[in-house]
Structures are given as structure tokens and as C-alpha cells.
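Remarks on the structure that follows.
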């Protein structure tokens with residue numbers, strides 16, 4: 001192998017090394033972009049946890065509201081019955097007092 005061939009191989013190796021160095025620089029830049037894109041993930045996890053808590057609170061509120069609606073239906077059903085019984089009781093008390101003074 002001659003000195004010229006060795007020099008050519010050395011130059012080719014240097015050129016390839018320079019290309020590889022450029023590719024590594026590009027990879028570092030892409031990796032930096034990926035890391036920057038991953039930065040908000042912890043905050044996203046906290047937001048998801050908060051949303052889950054709020055979802056549970058909302059579910060509890062809906063269940064409470066449904067219980068109130070059911071209770072309201074019961075009151076709407078029972079109130080006339082209690083009123084009728086109370087009216088009958090007052091009528092009986094008043095009627096008995098007038099009959100037996």
C-alpha cells in the first residue's frame with residue numbers, strides 16, 4: 001500500500017467521521033426536541049388526577065341530586081295523604097266537640 005492510498009483512506013475516514021459527527025448532532029437536536037415534548041407529561045398526569053377527583057365529585061353530586069329528586073317525588077306523593085289524614089283528624093275533633101259540647 002502506498003502513501004497516497006493511505007492518505008486517501010485517511011481522508012475518506014475523516015470525511016466519514018465528519019458526516020457521522022453531523023448526524024450525531026442532528027440526533028442530539030431531535031432528542032432535545034423529544035425531551036422538550038415530554039416536559040409537560042408530569043403536569044398532564046396531575047391534571048388527569050385532578051379530573052378524576054372532580055369526576056368523582058360530580059358523580060357524588062349527581063347521585064345526591066337524584067336522591068333529592070326521589071325524595072321530592074315521595075313528598076309530593078305523601079303530602080296530600082298527610083293533608084287528608086290531618087283534615088280528617090281536625091274534622092273529627094271539631095265534629096266531636098260540637099256533638100258533645
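Structural remarks
- Boolean, residue 99 is at pLDDT 80 or above and more than 27 Å from the chain's Cα centre (by Cα): no
This table checks each residue for (1) loosely packed, with under 10 Cβ neighbours inside 10 Å; (2) over 33 Å from the mean Cα position of the chain (by Cα); (3) free of Cβ contacts under 8 Å to residues at least 60 places away in the same chain; (4) not in a helix (DSSP H, G or I).
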site: 6; (1), (2), (3), (4): no, yes, yes, no
site: 35; (1), (2), (3), (4): yes, no, yes, no
site: 45; (1), (2), (3), (4): no, no, yes, no
site: 57; (1), (2), (3), (4): no, no, yes, no
site: 60; (1), (2), (3), (4): no, no, yes, no
site: 64; (1), (2), (3), (4): no, no, yes, no
site: 72; (1), (2), (3), (4): no, no, yes, no
site: 84; (1), (2), (3), (4): no, yes, yes, no
site: 95; (1), (2), (3), (4): no, yes, yes, no
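The values are calculated or read from the model by the stated rules, or taken from the named source; none is laboratory data. Every value quoted in this text rests on a predicted model; they were computed, and no experiment measured them. Heads up, the Cβs are rebuilt from the backbone with ideal geometry, glycines too, and the neighbour counts pull from every protein chain shown.
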